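Read the structure below first, then the notes.
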Amino acid sequence: MTETNVFQLSQPGSFADPLTEVLRNGAQALLAQAVEAEIAAFLSMYAENMTQDGRQRLVRHGHLPEREIITGIGPVAVRCPRVRDRVGEGSERIRFSSAILPPYARRSKSLEVLIPILYLKGVSTGDFEEALIALLGKDAGGLSASSVGRLKAVWSEEHARWSKRDLSAKRYVYFWADGIHVQARLEDAAQCLLVIIGATPEGKKELVGLIDGVRESAQSWKELLLDLKRRGLTIGPELAVADGALGFWQAIEEVWPTTRGQRCWVHKTANVLNKLPRSQQSKAKRALQEIWMAETKKDALVAYDAFVDTWGIKYDKAAECLIKDRDVLLAFYDFPAEHWKHLRTTNVIESSFATVRHRTVRSKGCLSNKTALAMIFKLAEAAERSWRRLDGHNHLPKIILGVRFTDGIEVVRSKAQAAAA
């Protein structure tokens with residue numbers, strides 16, 4: 001018998017993948033075409049610029065040396081075209097800089113995002129090279145432990161610069177705030193990152209604040225809000241959405257007392273259900289949903305009272321948990337109906353930081369709180385590019401101007417009322 005059921009496993013980077021090679025060759029051809037189109041558009045902008053003897057001022061001038069860009073499908077060889085300016089010298093010379101192939105770029109932006117994700121997933125710097133070879137092929141160089149270490153230092157510097165940016169030209173209509181808990185391997189206590197995402201008058205969501213806090217305490221939140229104010233954000237948001245953490249609400253009341261509050265219904269539902277037996281939770285969850293899904297505030301109040309009357313008899317703690325936040329749970333009814341799905345929960349933060357929330361296992365966390373903060377900043381920065389604009393963003397300037405909304409519908413005032421105002 002010569003047959004055996006023992007097989008030698010292929011080592012990372014030791015096997016060939018024809019499909020990947022086809023994709024890589026196709027990507028190389030498309031990249032070359034894109035760069036050629038880019039330089040053609042650049043030259044057409046200066047087509048009317050002539051030298052004194054009637055020749056074109058800008059002309060093609062060969063290519064820069066070939067270099068490899070590490071991408072998600074492995075290394076892709078590229079050659080960036082060069083342009084010659086026949087007239088200009090020094091600062092007056094017209095230069096071509098490709099937006100597709102930035103100078104000295106050695107890896108794609110998607111790979112820049114992959115590195116912090118791998119790190120947060122528990123891959124140590126010493127294992128990066130082997131992991132990336134398995135993902136990108138044996139030619140994926142330039143990503144050793146030392147280069148990853150340098151990248152982390154750069155990201156920490158980027159976060160430090162971002163944390164000092166000027167905010168005097170900014171205005172946010174809504175805030176979503178939450179705390180993200182991360183466990184670092186070399187730290188005794190779990191780290192709490194305080195996150196704020198804001199909605200601009202144009203409906204764009206932006207990462208506003210990200211700092212290392214202490215258990216979501218009022219002092220940590222206040223320090224973050226005061227820092228935003230010192231850097232130019234003098235006007236607070238019209239509405240802030242967060243869970244029931246008292247630290248944030250105490251801080252924002254001191255810094256921006258006119259900002260209204262909206263409690264997150266997802267957190268509140270979980271808190272109420274935790275005070276009920278498991279056998280009753282499914283039914284109670286449907287009853288709670290009838291409150292925040294009601295079409296009008298009046299209907300919501302009816303459903304609210306019905307829940308308290310029904311469940312408060314046997315489960316008074318669950319009813320008390322709901323009663324104490326009634327006004328701030330129903331604040332969204334005074335804002336445009338198109339915004340309700342954005343305002344009833346902190347899902348804006350929850351969905352963006354879902355990966356980060358899973359990094360609470362001590363054995364797989366980052367080495368230090370500083371490293372975790374840098375990694376999470378890069379993940380948030382990458383996620384921000386794909387955040388959707390708010391539905392009904394045309395209503396946001398109206399909110400700033402003080403236009404009232406009742407049950408999500410704009411209250412139209414008569415000319416006499418407007419004149420009296």
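Assorted remarks:
- For region 210-232, the condition holds for at least one residue, the condition being that it is of a type in the set (A, V, I, L, M), touching a His at 6+ places or on another chain (Cβ under 9 Å) and in contact (Cβ under 8 Å) with a residue 60 or more places away in the chain.
- Residues that are assigned to a strand (DSSP E or B) and modelled with pLDDT of 75 or more were ranked within region 78-101; the one that is farthest from residue 38 (Cα to Cα) is 85.
- Failed criterion for residue 314 (all others in (1) more than 29 Å from residue 218 (Cα to Cα); (2) in a helix (DSSP H, G or I); (3) free of Cβ contacts under 8 Å to residues at least 12 places away in the same chain hold): (2)
- Pairing residues of region 319-331 that are free of Cβ contacts under 8 Å to residues at least 40 places away in the same chain with residues that are part of a loop (DSSP other than H, G, I, E, B) and open to solvent by less than 90 Å² (accessible area, probe 1.4 Å), at Cβ distances under 7 Å and at least 6 apart in sequence or on separate chains, gives 319/312.
- Hits in region 150-174 - residues which are within 30 Å of residue 399 (Cβ to Cβ) and either modelled with pLDDT under 90 or part of a helix (DSSP H, G or I) (or both): 162
- Strands (runs of 3 or more DSSP E) (entirely within region 196-311) containing at least 3 residues that are touching a Ser or Thr at 6+ places or on another chain (Cβ under 9 Å) and surrounded by fewer than 18 Cβ atoms within 10 Å (Cβ to Cβ): 205-213
- Residue tally, condition over 15 Å from residue 174 (Cβ atoms) and surrounded by fewer than 16 Cβ atoms within 10 Å (Cβ to Cβ), over region 327-342: 1
The values are calculated or read from the model by the stated rules, or taken from the named source; none is laboratory data. Please read these numbers as outputs of a predicted model, since none were measured by experiment. Every residue, glycine among them, receives a Cβ derived from its backbone with ideal geometry; neighbour counts consider all protein chains shown. All accessible areas refer to the heavy atoms of the entire protein, side chains included, with ligands and DNA or RNA removed. Shrake-Rupley method; radii C 1.70, N 1.55, O 1.52, S 1.80 Å.
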